[in-house]
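Comments concern the structure below.
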Amino acid sequence: MKLIIMTKPTFFVEEDKILATLFEEGMDNLHLCKPGAEPVYSERLLTLLPEDYMGRITVHEHFYLKQEFRLRGIHLDSPQTPVPKGYRGNYSITCHSVDELKEAKKRASYVFLDTPIEELEVLGGHHQIDKKVYSSANINMGNMNTVKELGFGGVVICEDLWSQFDIHSQQDYKSLLLHFSKLRKAVG
């Protein structure tokens, strides 16, 4: 299974250092998702990261950043969101139902299925769940095995990782790095 880390929805002071360290520790795919943020803040964050990591970042908004920073790709937050005119390259899509999933898999490099974990077990036998489908339904260490058993190609981790670090009071992010290491081992 593949592991995608999604950024915290808000920017914070030590974010660039933490992200750079996660890349050093083996993070392969980061989704830069800052809903509603001004593009200048995403630009600033990207300029603070080593250039070597740009090819491992997918952006959720401000798609021009893909070209400007030579990022991995773009992410569409809905199957109804059109791919930008003239765009060529990798892209992924978030789906909220199996019906959306069928069409999105035909077009996208991979898709997120954002369905509650309770519903994932019901979908498990469905032929649409495969290596191209990543579960983004509040995945954590406690439900990782269920997702593996259902045949997903990967997981999208956000809150489970970022809850290990309090952006308002902590400076030491060793517990976040330790948790990331556990997540990497859990996905295999």
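The values are calculated or read from the model by the stated rules, or taken from the named source; none is laboratory data. Since the structure is predicted, the reported quantities are computational estimates derived from the model, not experimental observations. Using ideal geometry, Cβ is built from the backbone for each residue, glycine included, and neighbour counts are taken over all protein chains shown. Just so you know, the surface numbers come from the protein's heavy atoms only, side chains and all, with ligands and any DNA or RNA stripped out. Shrake-Rupley method; radii C 1.70, N 1.55, O 1.52, S 1.80 Å.
Per-residue answers, yes or no, for (1) closer than 20 Å to K8 by Cα; (2) touching a strand residue (DSSP E or B) at 6+ places or on another chain (Cβ under 7 Å):
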{"position": "P116", "(1), (2)": "yes, no"}
{"position": "D130", "(1), (2)": "no, no"}
{"position": "S136", "(1), (2)": "yes, yes"}
{"position": "Q164", "(1), (2)": "yes, no"}
{"position": "Q170", "(1), (2)": "yes, no"}
### Summary
The lone condition V111 fails out of (1) touching a helix residue (DSSP H, G or I) at 6+ places or on another chain (Cβ under 6 Å); (2) touching a residue at least 40 places away in the same chain (Cβ under 8 Å); (3) β-branched (V, I, T) is (2)
### Query
Taking only pairs six or more apart or across chains, which ones have beta-carbon atoms under 7 Å, a first residue in segment 140-164 that is among the aromatic types (F, W, Y), and a second residue that is outside any helix (DSSP H, G or I) and modelled with pLDDT of 90 or more?
F152/M1; F152/V133; F152/Y134; F152/S135; W162/K8
### Task
Determine whether F180 is closer than 17 Å to Y110 by Cα, in contact (Cβ under 8 Å) with a residue 24 or more places away in the chain and aromatic (F, W, Y).
no
### Task
Could you please give the count of residues in segment 1-13 that are open to solvent by 50 Å² or more (accessible area, probe 1.4 Å) and not in a strand (DSSP E or B)?
5
### Task
Only residues that are under 28 Å from S181 (Cβ atoms), modelled with pLDDT of 90 or more and small (G, A, S): list them for segment 96-154, please.
S109, S135, S136, G142, G153, G154
